[in-house]
Amino acid sequence: MSAAGTAAVSPELEARYEAWRVRVEQALDQALPAETDWPSTIHRALRYSQFAGGKRIRPLLVLAAGEAVGGHPDELMPLCCAVEMIHTYSLVHDDLPAMDDDDLRRGKPTSHKVFGEAMAILAGDALLTRAFHLLAEAPRAWDAGRLRRRLDAMALLGAACGTTGLIGGQVEDLESEGKAIPASALERLHRAKTGALLSACVRGGALLAGADEAALVALGRFASAIGLAFQVVDDVLDATEGAAQLGKTAGKDAAARKATYVSVHGLDGARRMAADLLKEALEALEAFGPRAEALRGLGRLIVERRA
Ligand code: GRG
């Protein structure tokens, strides 16, 4: 994640994130079929969106959460790829004419603009399918404990993507367009649409790294606060930044008369909420000491980002 214009994290920490990003890019490249593999159109389409940029915040959360409880990045790489594939699928489908109808994503024309609607739908489906396929490819030699952790992480991720998570949030988002909804409904929507997957990254990374119950509870508190803060900041950015900065159409929420943290709480109110959520998130990490430094930095970047 670029922290351009902010001093949210030290140059050393930013260099560590960059090294993690490189590993994630390589793992994603290996996990997806080559463009030339049959049937090449769908492979070109899914690679187009998967490698269109993006801050890779979700895999970084997986790795940082794993590190906070003493995990090794190799064990976490399949989950890193899976969450980024799922995230990309959700963006490809969200941009479709039947949903947000957007032309620009990550600074490039959206998938359906380049490959057509049918191929964009299939590219999203393929990324979602590959995410769970990859996680199911656990080596036969693994012991029962390791397999159990992988299965638990898959279940956690499945729940985060389902009708009470990502999809549920998207349903409520579509149904609430043009309506005034109470602050509690807005929070539920955002916790499902954005928070659930972010939370699954943190809890899933910690779980795979062998976290105990107390650590999982504390990291769950961090994830819950940071998951909501992410969307509060997204609403602020949609209202304050331009398309060149965001890499997507700006001001869409207001144009679609969507309830957002800015429309419900005002710009200053939304900014205050994001700062309070960051404080809450950082408090949840107090017991982890220096091992949670990468996670703390991601919390700060999420709240202080400009794109
Ligand atoms: C279609 C099932 C389905 C769900 C769509 C992801 C989503 C739900 C909608 C996209 C619009 C939106 C504002 C989603 C909230 C999550 C969000 C802010 C996504 C953008 O995430 P970033 O900033 O994007 O991490 P990059 O491009 O950096 O990966």
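The values are calculated or read from the model by the stated rules, or taken from the named source; none is laboratory data. Because the structure is predicted, anything quoted here is derived from the model rather than measured. Note that each Cβ is placed from the backbone with ideal geometry, even for glycine, and that neighbours are counted across all protein chains shown. With ligands, DNA and RNA removed, areas are computed over all heavy atoms of the protein, side chains included. Shrake-Rupley method; radii C 1.70, N 1.55, O 1.52, S 1.80 Å.
Below is a table of values for the structure above.
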quantity: Cross-chain or 6+ apart pairs with Cβ under 8 Å, the range 154-173 first and charged (D, E, K, R), then assigned to a helix (DSSP H, G or I) and away from the ligand (no atom under 11 Å from the Cβ); calculated: Glu172/Ala185; Glu172/Arg188
quantity: Residue match in the range 164-171 (condition: within 19 Å of the chain's Cα centre (by Cα), surrounded by 14 or more Cβ atoms within 10 Å (Cβ to Cβ) and on the phi > 0 side of the Ramachandran plot); calculated: no
quantity: Residues (without any contact (Cβ under 8 Å) to a residue 40 or more places away in the chain, assigned to a helix (DSSP H, G or I) and open to solvent by 90 Å² or more (accessible area, probe 1.4 Å)) located in the range 10-40; calculated: Pro11, Glu12, Gln26, Gln30
quantity: Condition met for Asp95 (touching a strand residue (DSSP E or B) at 6+ places or on another chain (Cβ under 6 Å) and touching a residue at least 24 places away in the same chain (Cβ under 8 Å)); calculated: yes
quantity: Residues located in the range 260-307, provided they are over 17 Å from Val9 (Cβ atoms), away from the ligand (no atom under 16 Å from the Cβ) and open to solvent by less than 20 Å² (accessible area, probe 1.4 Å); calculated: Gly269, Ala284
quantity: Residue satisfying all of: in the range 122-155; open to solvent by 50 Å² or more (accessible area, probe 1.4 Å) and at pLDDT below 95; farthest from Ala31 (Cα to Cα) among these; calculated: Arg140
quantity: Within the range 162-240, helices (runs of 4 or more DSSP H) holding 3 or more residues that are modelled with pLDDT of 95 or more, within 17 Å of Gly66 (Cβ to Cβ) and of a type in the set (Gly, Ala, Ser); calculated: 196-208, 213-240
quantity: Selected residue [among the aliphatic types (A, V, I, L, M), part of a helix (DSSP H, G or I) and open to solvent by 30 Å² or more (accessible area, probe 1.4 Å)] from Met99, Met119; calculated: Met119
quantity: Count of residues meeting criterion [open to solvent by less than 30 Å² (accessible area, probe 1.4 Å) and of a type in the set (Gly, Ala, Ser)] in the range 219-250; calculated: 6
quantity: Boolean, Leu63 is over 21 Å from Arg203 (Cβ atoms), outside any loop (DSSP other than H, G, I, E, B) and among the aliphatic types (A, V, I, L, M); calculated: no
quantity: Residues of the range 47-96 classified as near the ligand (Cβ under 10 Å from one of its atoms), open to solvent by 40 Å² or more (accessible area, probe 1.4 Å) and in contact with a Leu (Cβ under 7 Å, 6 or more places away or on another chain), total; calculated: 0
quantity: Flag if Ser40 is within 17 Å of the chain's Cα centre (by Cα) and polar (S, T, N, Q); calculated: no
